1. Could you pull out the residue among GLU201, GLU150 that is among the acidic types (Asp, Glu) and modelled with pLDDT of 90 or more?
2. Return yes or no: is ALA503 surrounded by fewer than 17 Cβ atoms within 10 Å (Cβ to Cβ) and either at pLDDT 90 or above or on the phi < 0 side of the Ramachandran plot (or both)?
3. Could you tell me which of the residues LYS332, LYS343 is at pLDDT 70 or above, of a type outside the set (A, V, I, L, M, F, W, C) and open to solvent by 40 Å² or more (accessible area, probe 1.4 Å)?
4. Assuming VAL184 fulfils every condition listed in (1) open to solvent by less than 20 Å² (accessible area, probe 1.4 Å); (2) within 18 Å of LYS515 (Cα to Cα) apart from one, which condition is it?
5. I'd like the full set of residues that are at pLDDT 75 or above, open to solvent by 60 Å² or more (accessible area, probe 1.4 Å) and either charged (D, E, K, R) or over 15 Å from LYS343 (Cβ atoms) (or both), limited to region 266-290.
6. Any chance region 357-374 includes a residue that's touching an Asp or Glu at 6+ places or on another chain (Cβ under 8 Å), under 17 Å from ASN296 (Cα atoms) and either modelled with pLDDT of 70 or more or of a type in the set (Val, Ile, Thr) (or both)?
7. Inside region 191-210, can you point out the residues that are among the basic types (Lys, Arg) and either crowded, with 21+ Cβ neighbours inside 10 Å or more than 23 Å from the chain's Cα centre (by Cα) (or both)?
Amino acid sequence: MDDYFSSEEEEEYCSDRDALDGLENDDPDYDWVPPKGPSTKVITKESLLCAQRGDLRRVMELLSLREHHARTLLIHHRWDVEKLLAVLVERGKACLFANAGVPLTEDQDLSLPRHSTSTVMCDICMEDIPGQITTRMDCSHCYCNDCWTEHFVVKINEGQSKRIKCMAHKCNAICDEAIVRDLVRRRHPDLANKFDRFLLESYIEDNKMVKWCPSTPHCGNAIRIEEDECCEVECSCGLQFCFSCLSEPHSPCSCLMWELWSKKCRDESETVNWITVHTKPCPKCHKPVEKNGGCNLVSCICGQAFCWLCGGATGRDHTWSNIAGHSCGRYKEDQEQKSERAKRDLYRYMHYHNRYKAHLDSFKLENKLRETIQEKVSVSEEKESALRDFTWVTNGLYRLFRSRRVLLYSYPFAFYMFGEELFTDEMTDEQREIKQHLFEDQQQQLEANVERLSKFLEEPFDEYDEKKVMDVRMHVINLSVVTDTLCRKMYECIETDLLGCLALGTHNIAPYKSKGIERAAALNAKADESDKYLPLDFGKAGASELDRPSGSGSLDDSGRPTKRARTEGLVGALIDLNVPAGGY
């Protein structure tokens, strides 16, 4: 491994920019393309309305629908506009509307007013009601306002605000949200606000491309992705997480692998494994008993004597050669195999866990390098030297963190990839052995170069002369590029050679990005003043919510989480996303 670099490579990798970009294209005729903007967006409570409005307007204009019907269609299809359009093309408009509970326009008698002018028999309370206090839905079913209101109140309290169906038997039509809001607000203003909140949050709760930031305390933000939902993102509050499972970033582990590994490290499963190997249950009280002497006749604290060899209950009479009235000389294959397998599984787990823990400890210790290196850079910049640019140090430190993180999570991945828990029927023993050697070779190369990079970054370069500093600089830049390349190759190996050939597609991993986890950009909350469509009715919002404090998590210069005040927007006049809906 010490001869990994050649003299040609040292001459080639000499630029600080190369250390960051990884020399992805060396073609002099290559046309530079401006980098794409962030593919993830932060949705705050100010921009949530704007995010909803974009999808609503698209469906309303395409299908010539009212806002209420457009929202009903989108909620039914989990705010996936592309899926909605695919159903429209494949099954037609009638099927699309019927499945979502939207009445077809041509089936409605538009000449019928919302409120009848004559007396109407309400089929719910079975009373004759003046037409002025009855309401007719788009599906043409008409009932008294009292029955409608009680129906809406029950559904909202049951958490069904987003899809309140008509009361008529076998009618799947979704009630008009404006009517629901108007009738409920007359008697229960707080419940009407709760209804509005549920409709607003449906864009996040029902949208597979949008999820709440899992920060604690909650920063009030949501993250929207544009492409693959199997990715790792960073919220504006500074928290990095896996978008798919909302846990910490864990690639190259799949979400299922990381969930199993976390549980294995957290609970007492390995303690139980140790007990299985080193103890035997008492045949009377079934408590585990550990043998502390050479005699095979052991006694539990409950007083029961039993044979250590077979676990059978015995009396207390015995000699040096046998136990009175007991013989267990027969070989029990199943019991011996079970014990040996428990030992093997325990040792295998300890192998991977010890290396995982070692890299985790190294990652924590190397995080302390940041302040030390800043001090070294400050001292070096004050010297009268021709070398003034020390970005190679910060770039190398960042590459060390990134590569160490990949290496850290590669051990849980290997534990499950080449074990017998997940892929027993997916690979033969021979195939498993070949793939394991392939992966471990790449893992070993990455590990060796990460350790070398860590060693050079810990050098006291602020005490060196200019020639020695240039030598350290060259090694750091080269190692930064090599570790980045090895990380990328490891991910390619996992995606193509290991997971890509499996029949089950449940183990997708977040793609590797040289520049790290992408920080989500703020979604533009500026609304078009000419836009006549508003997702919610804010005209009757309570003014008391304007004084409610709201905050978003962030990190100060010392890395501690802080709260910053957020400017209250239009949404703040109605609800606070930092408060659960049930609190209203």
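The values are calculated or read from the model by the stated rules, or taken from the named source; none is laboratory data. It should be emphasised that the depicted structure is a prediction, and the values quoted were computed from it without experimental measurement. Virtual Cβ from ideal backbone geometry, glycine too; neighbours counted across all protein chains shown. Note: areas computed on protein heavy atoms with side chains; ligands, DNA, RNA excluded. Shrake-Rupley method; radii C 1.70, N 1.55, O 1.52, S 1.80 Å.
1. Numbers: GLU201 fails: modelled with pLDDT of 90 or more.
Exactly one of GLU201, GLU150 is among the acidic types (Asp, Glu) and modelled with pLDDT of 90 or more, namely GLU150.
2. Details: surrounded by fewer than 17 Cβ atoms within 10 Å (Cβ to Cβ): yes; either at pLDDT 90 or above or on the phi < 0 side of the Ramachandran plot (or both): yes.
Answer is yes for this residue.
3. LYS343
4. Going through the list (1) open to solvent by less than 20 Å² (accessible area, probe 1.4 Å); (2) within 18 Å of LYS515 (Cα to Cα), VAL184 breaks only (2).
5. As a first pass, look at region 266-290 and keep what is at pLDDT 75 or above: 266, 278-290.
Checking which are open to solvent by 60 Å² or more (accessible area, probe 1.4 Å) leaves us with 266, 278, 281, 284, 286-288, 290.
Hits for region 266-290 are ARG266, PRO281, LYS284, HIS286, LYS287, PRO288, GLU290.
6. Residues of region 357-374 touching an Asp or Glu at 6+ places or on another chain (Cβ under 8 Å): 369.
Now narrow it down to the ones that are under 17 Å from ASN296 (Cα atoms): none.
No - not one qualifying residue is present in region 357-374.
7. Kept after step one, since they are among the basic types (Lys, Arg), are these residues of region 191-210: 194, 197, 208.
Across region 191-210, the qualifying residues are LYS194, ARG197.
To keep it simple, each residue is scored yes or no on (1) at negative phi; (2) at pLDDT below 90; (3) among the basic types (Lys, Arg).
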{"site": "LYS435", "(1), (2), (3)": "yes, no, yes"}
{"site": "GLU440", "(1), (2), (3)": "yes, no, no"}
{"site": "ASN449", "(1), (2), (3)": "yes, no, no"}
{"site": "LYS455", "(1), (2), (3)": "yes, no, yes"}
{"site": "GLU466", "(1), (2), (3)": "yes, yes, no"}
{"site": "VAL482", "(1), (2), (3)": "yes, no, no"}
